[in-house]
Amino acid sequence: MLADVNLNTSKMPWREFGGGIDFKTLRTSPETGTWSVLFRCSAGSSFRPHRHLGGGEYLVIKGCMHIRGGAESGGVTARDGDYGYEPNGVLHDQTDFPEETVLFFTNDGPLQFLTDDHKPDFVLDVTMIEELSASAPIAA
Ligand code: ZN
């Protein structure tokens, strides 16, 4: 029987994801490849271009996230309380955080990170999330 999960995330340490972004792992499912995290993105940080290899959902808890250049460039600007669904296969150019931003993110599969010219770089999957959760340095 599977156990339910209840976490007091405010008592959990942030771990360094890299590039000014920290994370807390909330849940992983090796069976389905689903992983759920909180991301804390410092002002001026960004996620490199990536492709979703599984649908993902986010909820911005605080701050501001510009997807595909943000609303002013024809993309999406998500702020406090905004929710989004990112379908399997969607390609995202750099995602920017102009101010400190905290968001919940869950993905039903890996993210394939790409180089600036959109060549495959590395795959962030549930196994890598579990490894980073155990080994990434505790953030300040
Ligand atoms: Zn994305």
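The values are calculated or read from the model by the stated rules, or taken from the named source; none is laboratory data. All values reported here derive from a predicted model rather than from experimental measurement. Don't worry about glycine lacking a Cβ; one is built from the backbone with ideal geometry, like all the others, and counts go over all protein chains shown. The area values use the complete protein model at the heavy-atom level, side chains included, leaving out ligands, DNA and RNA. Shrake-Rupley method; radii C 1.70, N 1.55, O 1.52, S 1.80 Å.
Brief remarks follow.
- Residue within the stretch 67-76 that is under 14 Å from the mean Cα position of the chain (by Cα) and either within 12 Å of the ligand (Cβ to nearest atom) or surrounded by 15 or more Cβ atoms within 10 Å (Cβ to Cβ) (or both) present: yes
Here's the yes/no breakdown for (1) open to solvent by less than 20 Å² (accessible area, probe 1.4 Å); (2) under 15 Å from the mean Cα position of the chain (by Cα); (3) within 16 Å of the ligand (Cβ to nearest atom):
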position: Val37; (1), (2), (3): yes, yes, yes
position: Arg40; (1), (2), (3): no, yes, no
position: Leu53; (1), (2), (3): no, yes, yes
position: Leu59; (1), (2), (3): no, yes, yes
position: Gly89; (1), (2), (3): no, no, yes
position: Asn107; (1), (2), (3): yes, yes, yes
position: Asp125; (1), (2), (3): no, yes, yes
position: Ser135; (1), (2), (3): no, no, no
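- Condition check for Asp22: more than 16 Å from Asp125 (Cβ to Cβ), away from the ligand (no atom under 13 Å from the Cβ), within 13 Å of the chain's Cα centre (by Cα) and crowded, with 17+ Cβ neighbours inside 10 Å: yes
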